[in-house]
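To start, the structure itself, in structure tokens.
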Amino acid sequence: MSALTSKLRRDLWRIRAQVFSIAAVMAGGVMTVVALGGTSSSLDSATRDYYISGRFADVFATLTRAPDAVAVRLAAIPGVNSVATRVVKDVRLDVPGLDMPAIGRMVSLPVPGSGGTPLNAVHITSGRTVLPGADKEILVSGRFAEANRLRPGALLTAIINERYVELRIVGIGAAPDYLYEEPGNAFPSDARGFGILWVPHQLAAAATGMRGAFNDVSIGLATGARPSEVIAAVDTLLAPYGGRGAIGRKDQLSDRVVSNELTQMGVMAFAFPAVFVAVAAFLVGSVVSRLIATEREQIAVLKAFGYTSGAVALHYLAYAAAAAAVGIPLGIGIGVWVGQLYTGIYSDVLRIPGLQFHADWVTIGRAIVVIFLAALSGALNAVRKVAMLPPAEALQPPAPARYRALPFDAIGSRLALSTPIRMIIRGLERQPQRALLGAMGVAAALAMMAGALSLYDATDNMIGLQFRVAQRQALSVQLVTTVPASTRSVFASLPGVTNVELARVVPVRLRHMGRSRTVGLTALQRDGKMHRLVDVDGQIHAIPPAGIVLSTKVAGILAIHTGDTLDMDLLERGTTRKVVVTALLDELMSPNAYMDLAAAGSLMGDGDLINGAYLRLDGPPRSELFEQLRAMPLVGGVTSRTAMVEQFDRMMAKSFRISAVVVVIFASIIALGVVYNGARIALSERGRELASLRVLGFTNREVGVMLLGEEAILTIAAIPLGWVLGRAFAAYLTYGFTSENYQVPIVTRTSTYAFATAVVLTASALAGALMYRRSTRLDLVAVLKTRE
Amino acid sequence: MPTSAVSSNTAQPAATARSDAGPPPPAPVFLARGLTKIYRSGDLEVRALRELDMELYAGELLVLLGASGSGKSTLLNILGGLDTATSGTVRFEDHDLTSMNQRELTQYRRDHVGFVFQFYNLIPSLTARENVALVTEIARDPMKPDDALALVGLSDRMDHFPAQLSGGEQQRVAIARAVAKRPDVLLCDEPTGALDVETGRLVLRTIDLVNRQLGAATVVITHNVSIAGMADRVVHMTSGRISDSYRNAHRISAEELSW
């Protein structure tokens, strides 16, 4: 081993606490890349693979009814490669063990032997597929099966054509078009209350009276085909059959959710590592600079003995490399573990077969390179000075620290500040850049934590707005068909029901100046107190007596303003009405359109019809209420607000626990690393000065104040900066969550910021305490005899 | 393996040697008896002080001479409350320094001791005035910093930072800082060690002046024998013992010193 290597090894051991603190910050950077990048790429590649193996369609359309022969015409559209027609219908289910009625989305399986590989193929995750000819065997989706503890062999009762039909679950399945199991209509749902049922074609056809016909079509495109052209052709072709407007993958609910998740993770996988990398570079720079300053004479000796500048420079770069060498494997290890936890959460929400965390080595490789470069660039400036230092000059002590009167001094003397306080302030004034970077480091720790935790506040706020302000009904009842408003009395007489409000959701296509958008038009009682129109700020808006209210997103798509008139195609009837836009609503979840229930009835010309009801109860729902609801064939699904909020909270809590622990640990590491190294360097630079003060009769505590005063001021100054940066960070992160369908208002909760502040202060105090202990062991005798 | 620093061929410390000019002042400020200091590092044992007895009287200026390793700095450190003896006792007025803990020693330094270091040890971020103020702010009955600096002849340099002062000026600031608290004892460790003759003389004159004006018992450590002439009493140390001690009949002024 060369002498320089021995020196490196021993010095690294001597300053191991500093090296490790830097390595830990680097580990944080690598960890976030590995965990977020790996989860993202695992999700992406599992989805991609599954889209290919499951033959995920490119274009989707729903319609009222078309004869099977139309499929041949669809297949003839240029650019269309394959066509799969299906029958899709929501049916009422009675699920064993579930007191509420549930909704099953019945999706017909391809007729056996119909040839070709089907689009949106169902992947069996357990059990078996439906046997040919077995018309009461079905497959159910994973989330629904798990939430209701349904296993192959279990029986479900569906109400089909007003008859109770017993269906046997033979397998649990997944399909590329239902990775995300949500009904995608205006009615809320929870995991137990909504599931996908893949059923034999004859069963679905019989249930809907669609023998020889279909109401749903999926289209696979030929390579190079343009989706927009095919969509236009499909719309034209299906228009006479009640086509609701074809959509491409990006508008398909399940794919859209997956893409949103990938975008979010992409944003986070960039933002978090960037913070760590910047802090790591700063720490490396300050520690190596200080090391070089204390070893000036050694450097001179090395050079005098004939070591080249390059060899000496390399020696000091090796300290940075050593920190990276410890931090990188540590980061990879923790990152893989955290990534597995995150991927686990995703697989609860998105049912992607084969979704497993795998470290993305390309991203990791990139992270390693970036961390190494950050470490080296941090050290480079200091090392450059070493390389340029002529040996003779290096043997001389460095020029004494030059202080001069600074602008603050005048204020200082007016304020009659004590001398120690002046010392602290001058120290900061003398190296403003270092002070600023130190403060930025602590602020970054606070910002990262506050920003990341704010995401949960933002989500919580959204849920609060949605379920405590906008939708306050205890139960939402979805009806299988449209009924007169007088049905209200039936619901009002149910046990425990104190109030009933009525609703009607109608699929419509809104058209304006050549643009169009298909939405569910929600018609509500104007005087309703349960389902209300609420904007992003939580303001409640009244439903105007006439005309339509659009979410601002929809208005943007249609390029329409208040007062304009649009064409509204009633997709279930094939007729069109003109309607005036009377208000716009900037809301959390869009796209939506609202009307007054009575106004909608008269516009459609069919009187007061409804297909949903909101119930308010005198307490928790009683079992006889559900019994009676289940006994009503009219009732499709029932969703309990409490169950839905609980389900959401559970999922968020799981993700929050992991994220909070990870972010708190790593933000603490950053704060600890910055303050510890700052104070450690201060002690090294000023050890002699502080020991002199001890000799002069200053107590340990007084000297401790002078040592840690700078760090304390920096930390305190960093806090408001951290709040501001935290809000900006939260804004950047929520930007990743904002899509055509959601907007996430940033929320600044005092409790979150207070918590983040407390964590940073604790970490800083810990670093200060470590350094204070060290300062009490200063050698007072040596100081009398040594020169600087 | 215990190792004695030097073979013990010198005579026992004798407090009565060369001349005895006038009666000794009545109550000693310091009274050391049987003072022994052993430094252990690993297997190595160094006896820095060996059963040393000594006194220092109020207002007295004592010059402590000796070669490197003779134990003079160790003695000064123990008197100054920076180090503790392995055995023996030191009394400062009616306090027993040997029984004090670190906190009490700090308080002792703060209230009673003024230090002057070979390398000044000024705080670079503070001006001359502020360096003195640093100490007066924590002292019980201090002078004004300006008065202390006037005493050392630096009235016109009070707002300068150490980097703007010459070595001699820095040392005089250090003396002002040491005396501004009106200490009972002033301990100077090689105060001229880093200075040229002319500047050194100026610094010694300042020490002489504050000793006379403030009456603080003063100990000046030096290996420069020429300085001995300015002392009331001169103590020679060899191998951790006092090998010689005598009183000067007349203190000569710093200007008359030469080396």
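Every number in this text was worked out from the coordinates using simple rules, so none of it is lab data. This structure is a prediction, so every number in the text was calculated from the model and none was measured. Here the Cβ positions follow ideal geometry from the backbone for every residue, glycine too, while neighbour counts run over all protein chains shown.
Structure values in brief
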{"item": "Exercise: per-residue mean of other protein chain Cβ atoms within 10 Å, A:360-371", "result": "0"}
{"item": "Debye intensity ratio in log₁₀ form over the Cα atoms of segment A:53-256, taken at each q of 0.14, 0.15 Å⁻¹", "result": "-0.80, -0.91"}
{"item": "Alpha carbon Rg of the protein assembly as shown, scaled by the compact-globule rule 2.2 N^0.38 Å", "result": "1.38"}
{"item": "Packing-based order for B:92-104, A:258-270, using average beta carbon neighbours within 10 Å, highest first", "result": "A:258-270, B:92-104"}
{"item": "For chain A, calculated [θ]222 nm from helices alone, where every DSSP H run of n ≥ 4 adds -39500 (n - 2.57)", "result": "-17500 deg cm²/dmol"}
{"item": "Shielding by other protein chains, B:133-142, mean Cβ within 10 Å", "result": "3"}
{"item": "Cα centroid of segment A:676-700 to Cα centroid of segment B:204-252, whole Å", "result": "32 Å"}
{"item": "Neighbouring partner chain Cβ atoms per residue of B:122-132, average, 10 Å criterion", "result": "6"}
{"item": "Backbone N under 16 Å from the residue A:616 label point (7 Å along Cα→Cβ), restricted to segment A:492-517", "result": "A:492-494, A:496-503"}
{"item": "Only Lys, Arg (+1) and Asp, Glu (-1) charged, at Cβ; the protein assembly as shown dipole about Cα centre in debye", "result": "920 debye"}
{"item": "Projected-area average for segment A:475-620 over all orientations - Cα convex hull basis, square nanometres", "result": "8.8 nm²"}
{"item": "Projected label distance in nm at residue A:580 and residue B:87, using a 7 Å step from Cα toward the beta-carbon", "result": "11.1 nm"}
{"item": "Under-5 Å amide H pairs with residue A:81, H placed in peptide plane, nonlocal only", "result": "A:220, A:221, A:222"}
{"item": "Taking A:589, A:449 and counting other C-beta atoms within 10 Å, the order from fewest to most", "result": "A:589, A:449"}
{"item": "Two-site label geometry, residue B:44 and residue A:646: point separation in nm, points 7 Å out along Cα→Cβ", "result": "7.5 nm"}
{"item": "Amide N of segment A:447-468 lying under 13 Å from the label point, which is placed 7 angstrom from the Cα of residue A:748 along Cα→Cβ", "result": "A:451"}
{"item": "Over chain B: helical MRE at 222 nm, DSSP H runs n ≥ 4 each giving -39500 (n - 2.57), nearest 500", "result": "-7500 deg cm²/dmol"}
{"item": "Most positive-pole-ward Cα, A:521, A:373, A:245, against dipole of chain A from beta carbon charges", "result": "A:373"}
{"item": "Debye, to nearest 20: dipole size of segment A:107-222, +1 on Lys, Arg Cβ, -1 on Asp, Glu Cβ", "result": "320 debye"}
{"item": "Protection proxy ranking, peptides A:212-219, A:240-247, average beta carbon neighbours within 10 Å, highest first", "result": "A:212-219, A:240-247"}
{"item": "Within-13-Å neighbourhood charge of residue A:545 [Cβ basis; K, R +1; D, E -1]", "result": "-1"}
{"item": "Positive minus negative residues near residue A:180 (Lys, Arg vs Asp, Glu; Cβ under 10 Å)", "result": "-2"}
{"item": "Listed residue pairs exceeding 22 Å between alpha carbons, taken from A:553/A:578; A:250/A:553; A:529/A:553; A:7/A:385; A:89/A:578; A:89/A:136", "result": "A:529/A:553; A:89/A:578"}
{"item": "Euclidean distance of C-alpha centroids, segment A:339-382 and segment A:546-611, integer Å", "result": "46 Å"}
{"item": "Reach of residue B:181 by Cα under 16 Å, taken over aspartates and glutamates that are not fewer than 8 positions away in the same chain", "result": "B:111, B:130, B:137, B:141, B:146, B:147"}
{"item": "Environment charge of residue A:379, counting only residues whose C-beta is closer than 12 Å and scoring Lys/Arg +1, Asp/Glu -1", "result": "+3"}
{"item": "Separation between Cα centres of segment B:105-148 and segment A:452-495, rounded to whole Å", "result": "75 Å"}
{"item": "Sites residue A:482 and residue A:731, calculated FRET efficiency, Cβ-Cβ separation with R0 56 Å, nearest 0.05", "result": "0.80"}
{"item": "Rough spin-label spacing in nm, given labels placed 7 Å along Cα→Cβ, for residue A:430 and residue B:197", "result": "3.6 nm"}
{"item": "FRET E, pair residue B:250, residue B:139, Förster distance 30 Å, beta-carbon r, rounded to 0.05", "result": "0.35"}
{"item": "Charged-residue dipole, Cβ positions (Lys, Arg, Asp, Glu), segment A:53-256 about Cα centre, Debye nearest 20", "result": "220 debye"}
{"item": "Difference of contour (0.36 nm per residue) and Cα-Cα distance, residue A:345 to residue A:513", "result": "56.1 nm"}
{"item": "FRET efficiency, 1/(1 + (r/R0)^6) with R0 56 Å, evaluated for residue A:653 and residue A:164 via beta carbons", "result": "0.90"}
